[in-house]
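Chemist: Just dropping this structure here.
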Amino acid sequence: MKPNGIITFTSDFGLEDPFVGIVKGVILSINPFARIVDITHGIGAQDILQGALVLRSSYRFFPPGTIHLAVVDPGVGSQRHPIVVETPMYIFVGPDNGLLSLAIGEEFSAYIIENPNFILEKVSQTFHARDIFAPVVGYLSLGIKPSAVGRKLEEIKRLSLPSPSCEEKKIIGEIIGFDHFGNAITNIPEELIRDKKALKIRVGVKTIEGLSSSYAEKPPLTPLAILGSSGFLEISLNLGSARSELKLKKGDEVEVTFD
């Protein structure tokens, strides 16, 4: 895989602290011509699953050769490995805690980052994004081979999404996350319900009739169900936050019935 000079960056760092800028500074010190694209730095603190879902929904919209840097790392400084994962189309860099796994199929090569030639001389216990991941990304963008960073890792840590239960005329899933607008993302993939008739979606005490094709299809502040861009069923509120108005939280049951 030949890098194309594009690097994406996803993290839970927020924008109040200098962490994002420092990581970019390290990358640009190694490759001043790198193009760094921020996916988001608004991942919930230490929320590995949310970060994995964001990476899963965004990585494939970049050209082949893109390097995807993702850092949501509550285990920083522990025994978890910093890794580089090469796939047929992309390179991923981040902690081996499941964060990268939803974006990576079965065809990959993974390597533990341990070669001192590609990390900063002094490595802190709390900022591996600066001291390990950023310099490695910089050197990868210049064309070093992923295998140069260290030993091969036969398998990476995998996250598994909770699977919905499916009956003859019923699917029971759950809310696995929320976006900035308060839309509730479920673990029910669109292919399970796209062609079903007479759909009813129950969440909490609220029952929603059928799927909407747009948010504006319902009156303001009316709950609706929609197949979101993430590929999953979402519970939304036109011109409002389903999360706050319906008092939803992660893990809440979502029941879909149909004919």
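The values are calculated or read from the model by the stated rules, or taken from the named source; none is laboratory data. Here the structure is a predicted model, which means the values were calculated and not measured. Heads up, the Cβs are rebuilt from the backbone with ideal geometry, glycines too, and the neighbour counts pull from every protein chain shown.
Chemist: Return the only residue of 131, 38, 96 being of a type in the set (D, E, K, R), at pLDDT 95 or above and touching a Phe, Trp or Tyr at 6+ places or on another chain (Cβ under 6 Å).
Modeler: 38
Chemist: Would you point out the residue of the range 99-133, among those that are charged (D, E, K, R) and surrounded by 15 or more Cβ atoms within 10 Å (Cβ to Cβ), that is nearest to residue 21 (Cα to Cα)?
Modeler: 130
Chemist: Being surrounded by 17 or more Cβ atoms within 10 Å (Cβ to Cβ), under 19 Å from residue 178 (Cα atoms) and at pLDDT below 95 is true for just one of 50, 46. Which residue is that?
Modeler: Of 50, 46, the one residue that is surrounded by 17 or more Cβ atoms within 10 Å (Cβ to Cβ), under 19 Å from residue 178 (Cα atoms) and at pLDDT below 95 is 50.
Chemist: Any idea which of 193, 185 is touching a residue at least 24 places away in the same chain (Cβ under 8 Å) and more than 17 Å from residue 245 (Cα to Cα)?
Modeler: One residue alone meets the criteria, 193.
Chemist: Moving on to the next point. For the range 234-251, name all the residues that are charged (D, E, K, R) and assigned to a strand (DSSP E or B).
Modeler: 234
Chemist: Are there any pairs with C-beta distances below 6 angstrom linking a residue in the range 36-51 that is within 16 Å of residue 92 (Cα to Cα) to a residue that is among the hydroxyl-bearing types (Ser, Thr, Tyr) and assigned to a helix (DSSP H, G or I), with the two at least 6 apart or on different chains, and if so which?
Modeler: That search, which allows pairs on different chains as well, returns 39/58.
Chemist: I would also like to ask the following. Checking residue 10 against (1) within 26 Å of residue 175 (Cα to Cα); (2) modelled with pLDDT under 95: exactly one of these is not met. Which one?
Modeler: For residue 10, the failing item is (2).
Chemist: Taking the range 227-259 only, how many residues are surrounded by 20 or more Cβ atoms within 10 Å (Cβ to Cβ), within 20 Å of residue 169 (Cβ to Cβ) and more than 20 Å from the chain's Cα centre (by Cα)?
Modeler: Of the residues in the range 227-259, 2 are surrounded by 20 or more Cβ atoms within 10 Å (Cβ to Cβ), within 20 Å of residue 169 (Cβ to Cβ) and more than 20 Å from the chain's Cα centre (by Cα).
Chemist: Answer yes or no: is there a residue in the range 186-195 that is of a type outside the set (D, E, K, R) and more than 27 Å from residue 41 (Cα to Cα).
Modeler: Yes: one or more hits.
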